[in-house]
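A.B. asks: First, the structure itself, so that you have it in front of you.
The values are calculated or read from the model by the stated rules, or taken from the named source; none is laboratory data. These numbers come from a predicted model, not from an experiment. With ideal geometry, Cβ positions are generated from the backbone for all residues, glycine too; neighbour counts draw on all protein chains shown.
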Amino acid sequence: MNISSSKTLFERAQQSIPGGVNSPVRAFKSVGGTPVFIDSAKGAYLHDADGNKYIDFINSWGPMILGHAHEPVIRAIEEKAAGSTSFGAPTQLEIEIAELIKKMAPGIDLIRMVSSGTEACMSAIRLARGYTGRNKFIKFEGCYHGHADCFLVKAGSGVATFNIQKVPGVTAGVAADTLTCSYNDIAAVESLVAAHKNEIAAIIIEPVAGNMGCVLPNEGYLQALRKICDREKILLIFDEVMTGFRLAKGGAQEKFGVTADLITYGKIIGAGMPVGAFAGRKEIMQHIAPVGAVYQAGTLSGNPLAMIAGYTLLSELNAHPEIYEELEKKGAYLEKGLREVLSPKPYPFTINRVGSMISVFFSANEVCDFAGATAANIEVFNKFFHHMLDCGVYLPPSAFETWFISNAITYQDLDRTIEAASRF
Ligand SMILES: *Cc1c(COP(=O)(O)O)cnc(C)c1O
């Protein structure tokens, strides 16, 4: 595959952008080689600067659940843009998207729009602290909740990919209020809670982890967290930035039948525009300014282009619940196909999947936490990544990221993907 234009662009990018990229995992630093520069995308396919075409399993890290340049979304953005790109004043559209999300997901009386998943999680933690009057919170090793200081402790995503043990710039004071324990380990949560009685404001979790690769909650695990939170008056925060509107209309809350106290969104909610949100019961959410004193704001929050993009995509997901059945079928088809063609010798593997989130770990053991994810063979993954890329299949350039299936993908695309894997 010729990627000479990408190589030239990458050289040039590094002269004016740190590492040549505006978000670290894009740089291919862990898998090696040159990141391909994307020119455009349509449906399930990416087109790079050299004219190569790829089947996309990143889908902008989640948002493109119905594929790239989805016609109704593009049309809506174009129409909206003619009426100006931002007002810094309220609009009817913001009410409509809020009402729609309340219909789709459980546990939401009030929802506040922000511009990224990072902002959503950062604000949810501030609100939990303001509401409970407690400072500490629990997060899980390998989970990623954006790059706010307090979350960069044993974090997933790029922090895990680049094996950064301690992020310079995060003060010891901030880190001290972040308690961590292993995913899927209820006993560890119980002992942290016991050791910090009445000090813990919140437990924040990716209800299905996607930032250490795809890791599912054990049966009953989310329910057990819910019980602990109720008993200890701790707020349970589901970070549904990845899982929201992907696993079901109502995200992981609906899929696993557990309602959180606060829910954060990103990715699909903006259909590829910069959007995040945090939401929950009125009793908690009304502590946010201007009703309450927990301050949170944003010049571009509720931006009309972002809102119309999100509203258009969410409306379609809401009107067509069969999309989730189709995604489940496609996910199962890919999983089955990969299991059949990947050879356990010389590379033992394990596959985790829920709906349209899937990961291949090159490990002989089950992966149910961060230790399991890091025990997998990263070198083999990197080789696999490049093999697939050469075959025109674009996977996340990290063993610590889930793959996302869009509903624009066809069974023929899945067959091509499986066939490519068979040649690894
Ligand atoms: C992507 C992600 C975030 C951060 O969202 P940004 O929009 O990148 O700031 C937070 N939490 C989870 C679970 C994510 O996957």
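A.B. asks: Out of all the residues in the range 218-234, which are at negative phi and more than 21 Å from the chain's Cα centre (by Cα)?
C.D. replies: Of everything in the range 218-234, those that are at negative phi and more than 21 Å from the chain's Cα centre (by Cα) turn out to be Glu219, Gln223, Ala224, Arg226, Lys227, Ile228, Cys229, Asp230, Arg231, Glu232, Ile234.
A.B. asks: Residues in the range 227-238: is at least one among the charged types (D, E, K, R), touching a residue at least 12 places away in the same chain (Cβ under 8 Å), within 12 Å of the ligand (Cβ to nearest atom) and not assigned by TED's automatic domain parsing to the domain that holds Asn377?
C.D. replies: Scanning the range 227-238, I find no residue that is among the charged types (D, E, K, R), touching a residue at least 12 places away in the same chain (Cβ under 8 Å), within 12 Å of the ligand (Cβ to nearest atom) and not assigned by TED's automatic domain parsing to the domain that holds Asn377, so the answer is no.
Rundown of residues vs (1) in contact with a helix residue (DSSP H, G or I) (Cβ under 6 Å, 6 or more places away or on another chain); (2) under 20 Å from Glu206 (Cβ atoms); (3) small (Gly, Ala, Ser), yes/no style:
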site: Glu141; (1), (2), (3): yes, yes, no
site: His147; (1), (2), (3): yes, yes, no
site: Phe162; (1), (2), (3): no, yes, no
site: Ala172; (1), (2), (3): no, no, yes
site: Ala188; (1), (2), (3): no, yes, yes
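A.B. asks: Inside the range 325-362, can you point out the residues that are farther than 19 Å from Pro217 by Cβ and among the basic types (Lys, Arg)?
C.D. replies: Lys329, Lys330, Lys336, Arg339, Lys345
A.B. asks: Based on this model, can you work out whether Ala128 counts as surrounded by fewer than 18 Cβ atoms within 10 Å (Cβ to Cβ) and among the aliphatic types (A, V, I, L, M)?
C.D. replies: So Ala128 does not fit the description; no.
A.B. asks: Which condition breaks for Met388 when tested against (1) in contact (Cβ under 8 Å) with a residue 60 or more places away in the chain; (2) in a helix (DSSP H, G or I)?
C.D. replies: (1)
A.B. asks: Here's something else I'd like to know. Specify which of the listed residues (Pro24, Pro90, Pro35, Pro63) is modelled with pLDDT under 95 and not charged (D, E, K, R).
C.D. replies: Only one candidate qualifies: Pro24.
A.B. asks: Do the conditions hold for Thr299, that is, is it under 18 Å from Thr118 (Cα atoms) and more than 16 Å from the ligand (Cβ to nearest atom)?
C.D. replies: Against the criterion (under 18 Å from Thr118 (Cα atoms) and more than 16 Å from the ligand (Cβ to nearest atom)), Thr299 qualifies.
A.B. asks: Select, from Val354, Val341, the only residue that is over 24 Å from Ile108 (Cβ atoms), in contact with a helix residue (DSSP H, G or I) (Cβ under 8 Å, 6 or more places away or on another chain) and not hydroxyl-bearing (Ser, Thr, Tyr).
C.D. replies: After ruling out the rest, the residue left standing is Val341.
A.B. asks: Being of a type in the set (Ser, Thr, Tyr) and either closer than 23 Å to Trp403 by Cβ or touching a strand residue (DSSP E or B) at 6+ places or on another chain (Cβ under 7 Å) (or both) is the filter here; which residues of the range 4-41 pass it?
C.D. replies: Matches in the range 4-41: Ser6, Ser23, Ser30, Thr34, Ser40.
For (1) in contact with a His (Cβ under 9 Å, 6 or more places away or on another chain); (2) crowded, with 18+ Cβ neighbours inside 10 Å; (3) farther than 25 Å from Val380 by Cβ; (4) not assigned by TED's automatic domain parsing to the domain that holds Ile164, each residue gets a yes or a no:
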position	(1), (2), (3), (4)
Ser16	no, no, yes, yes
Gly20	no, yes, yes, yes
Val31	yes, yes, no, yes
Thr34	no, no, no, yes
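A.B. asks: Can you tell me how many residues in the range 104-117 are surrounded by fewer than 21 Cβ atoms within 10 Å (Cβ to Cβ) and within 15 Å of the ligand (Cβ to nearest atom)?
C.D. replies: Qualifying residue count, the range 104-117: 1.
A.B. asks: If you take the residues in the range 54-81 that are within 23 Å of Glu335 (Cα to Cα) and more than 16 Å from the ligand (Cβ to nearest atom), which one is surrounded by the most Cβ atoms within 10 Å (Cβ to Cβ)?
C.D. replies: Residue satisfying both the conditions and the ranking: Asp56.
A.B. asks: Of the conditions (1) farther than 17 Å from Asp261 by Cβ; (2) crowded, with 24+ Cβ neighbours inside 10 Å, Phe137 fails just one. Which one is it?
C.D. replies: All conditions are met except number (1).
A.B. asks: Here's something else I'd like to know. Among Val174, Val189, Val208, Val215, which is the only one that is surrounded by 18 or more Cβ atoms within 10 Å (Cβ to Cβ) and out of contact with any Leu (no Cβ under 8 Å at 6 or more places or on another chain)?
C.D. replies: Val215
A.B. asks: Take the conditions within 28 Å of Ala160 (Cα to Cα), among the acidic types (Asp, Glu), crowded, with 21+ Cβ neighbours inside 10 Å and touching a strand residue (DSSP E or B) at 6+ places or on another chain (Cβ under 9 Å) and apply them to Asp413. Does it pass?
C.D. replies: no
A.B. asks: For the range 101-160, which residues satisfy the criterion of being farther than 30 Å from Asn318 by Cβ, in contact with a strand residue (DSSP E or B) (Cβ under 6 Å, 6 or more places away or on another chain) and polar (S, T, N, Q)?
C.D. replies: Thr132
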